[in-house]
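The structure under discussion appears below in the form of structure tokens.
The values are calculated or read from the model by the stated rules, or taken from the named source; none is laboratory data. Source: prediction; values computed, not measured. Ideal geometry is used to build each Cβ from the backbone, glycine not excepted, and the neighbour counts take in all protein chains shown. Surface accessibility is based on the protein's heavy atoms, side chains included, excluding ligands, DNA and RNA. Shrake-Rupley method; radii C 1.70, N 1.55, O 1.52, S 1.80 Å.
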Amino acid sequence: MLRNASPSGESRLALVRRARRMARILAETYPDAHCELDFGNPLELLVATILSAQCTDKRVNTVTPRLFARYPAAEDYAAADRAELEEIIRPTGFFRAKAAGIIGMAQVLCERFGGEVPGRLEDLVTLPSVGRKTANVVLGNAFGTPGLTVDTHFQRLVRRFGWTAETDPVKIEQVVAGLIPRRDWTMTSHHLIWHGRRVCHARRPACGACPLTTLCPSYGIGPADPVEAARLVRPGPFS
């Protein structure tokens, strides 16, 4: 059972209107928002997203040129020497678990999908090391299929915005899917993530530099002074 989608007690209609207005403002604020992982095809994005766990996109992007050149196809990852793969991806952290996950994922791709990344959520989540978040990244950015990427930034912001009180990522995804039109899911994810990385930080959000001040029930949990807040804003790209 989902909790009340509006912790502030708004009516359903009021919440939908406020959420969509906030989403429009973020779209205007970040017109160039995009996936900050470098990739050229669905397999590359899938691998890069797996590597991005507990690692910045910027660091992943320093590793993937060599990685993608060495392993251009799923068959190459499936047959990879684990020690060699581990050494290449070492800078991303948790490299042993990630190498095992990538090899396992590639083996299933070859066994069940002819070495091609499937374009359906229900197929993607059957792959080792691929959950809904990773699947939605791939669907939205490699296949053009709308998806909500519920990462830590996304979760933090939708709770601060009062869109939901849920803490489970799947339930958060369900709630937000009911607030934002499906066609906007992928870009709304980018806008939330960019805002979370640049302005609405976990510890000290730059409230005084936020374009959502009149709509956000959490306004004031960070510095409201515009000068002080401006010093907290982080330019991108980064993670």
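Given the condition in contact with an Asp or Glu (Cβ under 6 Å, 6 or more places away or on another chain) and either under 30 Å from R231 (Cα atoms) or β-branched (V, I, T) (or both), answer yes or no: does some residue in the stretch 116-131 qualify?
Pass one, the stretch 116-131, residues in contact with an Asp or Glu (Cβ under 6 Å, 6 or more places away or on another chain): none.
No; the residues of the stretch 116-131 include none that is in contact with an Asp or Glu (Cβ under 6 Å, 6 or more places away or on another chain) and either under 30 Å from R231 (Cα atoms) or β-branched (V, I, T) (or both).
Enumerate the helices (runs of 4 or more DSSP H) found wholly within the stretch 42-101, keeping only those where 1 or more residues are over 19 Å from V137 (Cα atoms).
Those helices (runs of 4 or more DSSP H) span 57-70, 74-78, 82-89.
For the stretch 74-94, give me each residue that is within 19 Å of L127 (Cβ to Cβ), surrounded by 14 or more Cβ atoms within 10 Å (Cβ to Cβ) and among the hydrophobic types (A, V, I, L, M, F, W, C). Steps first, please.
Residues of the stretch 74-94 that are within 19 Å of L127 (Cβ to Cβ), as a first pass: 74-80, 82, 85, 89, 92, 94.
Still in the list and also surrounded by 14 or more Cβ atoms within 10 Å (Cβ to Cβ): 74-78, 80, 85, 89, 92, 94.
Answer for the stretch 74-94, where residues must be within 19 Å of L127 (Cβ to Cβ), surrounded by 14 or more Cβ atoms within 10 Å (Cβ to Cβ) and among the hydrophobic types (A, V, I, L, M, F, W, C): A74, A78, A80, L85, I89, F94.
Could you list, in sequence order, the residues of the stretch 160-189 that are part of a loop (DSSP other than H, G, I, E, B) and open to solvent by 30 Å² or more (accessible area, probe 1.4 Å)?
Step one: filter the stretch 160-189 for residues part of a loop (DSSP other than H, G, I, E, B), giving 161-168, 180-181.
Matches in the stretch 160-189: A165, T167, D168.
Can you tell me which residue is nearest to T64 (Cα to Cα) among those in the stretch 27-49 that are of a type in the set (A, V, I, L, M) and buried (at least 21 other Cβ atoms within 10 Å of the Cβ)? Break it down stepwise before answering.
Looking only at the stretch 27-49, we keep the residues that are of a type in the set (A, V, I, L, M), and these are 27, 33, 37, 43, 45-48.
Subset that is buried (at least 21 other Cβ atoms within 10 Å of the Cβ): 43, 45-48.
Working: L43: 12, L45: 10, L46: 12, V47: 9, A48: 7 Å.
Result: A48.
Quick check on the stretch 12-19. Is at least one of its residues within 19 Å of V137 (Cα to Cα) and under 19 Å from the mean Cα position of the chain (by Cα)? Walk me through how you get there before you give the answer.
First, pick out the residues of the stretch 12-19 that are within 19 Å of V137 (Cα to Cα): none.
The answer is no, given that none of the residues of the stretch 12-19 is within 19 Å of V137 (Cα to Cα) and under 19 Å from the mean Cα position of the chain (by Cα).
Can you tell me which residue among L139, L148, L192, L157 is in contact with a Phe, Trp or Tyr (Cβ under 6 Å, 6 or more places away or on another chain), outside any loop (DSSP other than H, G, I, E, B), of a type outside the set (K, R) and open to solvent by less than 20 Å² (accessible area, probe 1.4 Å)? I'd like the intermediate steps shown before the answer.
Values: L139 fails: in contact with a Phe, Trp or Tyr (Cβ under 6 Å, 6 or more places away or on another chain); L148 fails: outside any loop (DSSP other than H, G, I, E, B); L157 fails: in contact with a Phe, Trp or Tyr (Cβ under 6 Å, 6 or more places away or on another chain).
The conditions single out L192.
Would you call R59 over 18 Å from F39 (Cα atoms), surrounded by fewer than 20 Cβ atoms within 10 Å (Cβ to Cβ) and under 19 Å from the mean Cα position of the chain (by Cα)?
Details: over 18 Å from F39 (Cα atoms): no; surrounded by fewer than 20 Cβ atoms within 10 Å (Cβ to Cβ): yes; under 19 Å from the mean Cα position of the chain (by Cα): yes.
No: the conditions fail for R59.
Search the stretch 150-170 for residues that are within 20 Å of A53 (Cβ to Cβ) and pair each with any residue that is open to solvent by 40 Å² or more (accessible area, probe 1.4 Å) and assigned to a loop (DSSP other than H, G, I, E, B) when their beta-carbon atoms are under 9 Å apart and the residues are at least 6 apart or on different chains.
Note: pairs meeting the criteria are T152/A202; H153/A202; Q155/T167; R156/A202.
Taking the stated definitions as given, is A48 small (G, A, S), at pLDDT below 95 and under 20 Å from the mean Cα position of the chain (by Cα)? If you could, list the steps in order and put the result at the bottom.
Details: small (G, A, S): yes; at pLDDT below 95: no; under 20 Å from the mean Cα position of the chain (by Cα): yes.
Here the answer is no, as A48 does not meet what is asked.
Can you tell me which residue within the stretch 201-216, out of those that are assigned to a loop (DSSP other than H, G, I, E, B) and more than 16 Å from Q155 (Cβ to Cβ), is farthest from the chain's Cα centre (by Cα)? Lay out the reasoning, then the answer.
Applying the first criterion (assigned to a loop (DSSP other than H, G, I, E, B)) to the stretch 201-216 yields 201-206, 210-216.
Narrowing further to those that are more than 16 Å from Q155 (Cβ to Cβ): 204, 206, 210-215.
Values: R204: 21, A206: 21, C210: 21, P211: 21, L212: 21, T213: 24, T214: 26, L215: 23 Å.
Applying the filter and picking the extreme gives T214.
Within the stretch 96-110, is there a residue that is closer than 30 Å to V16 by Cα and of a type in the set (K, R)? Quick ask: steps written out before the conclusion?
Step one: of the stretch 96-110, the residues closer than 30 Å to V16 by Cα are none.
No, every residue in the stretch 96-110 fails to be closer than 30 Å to V16 by Cα and of a type in the set (K, R).
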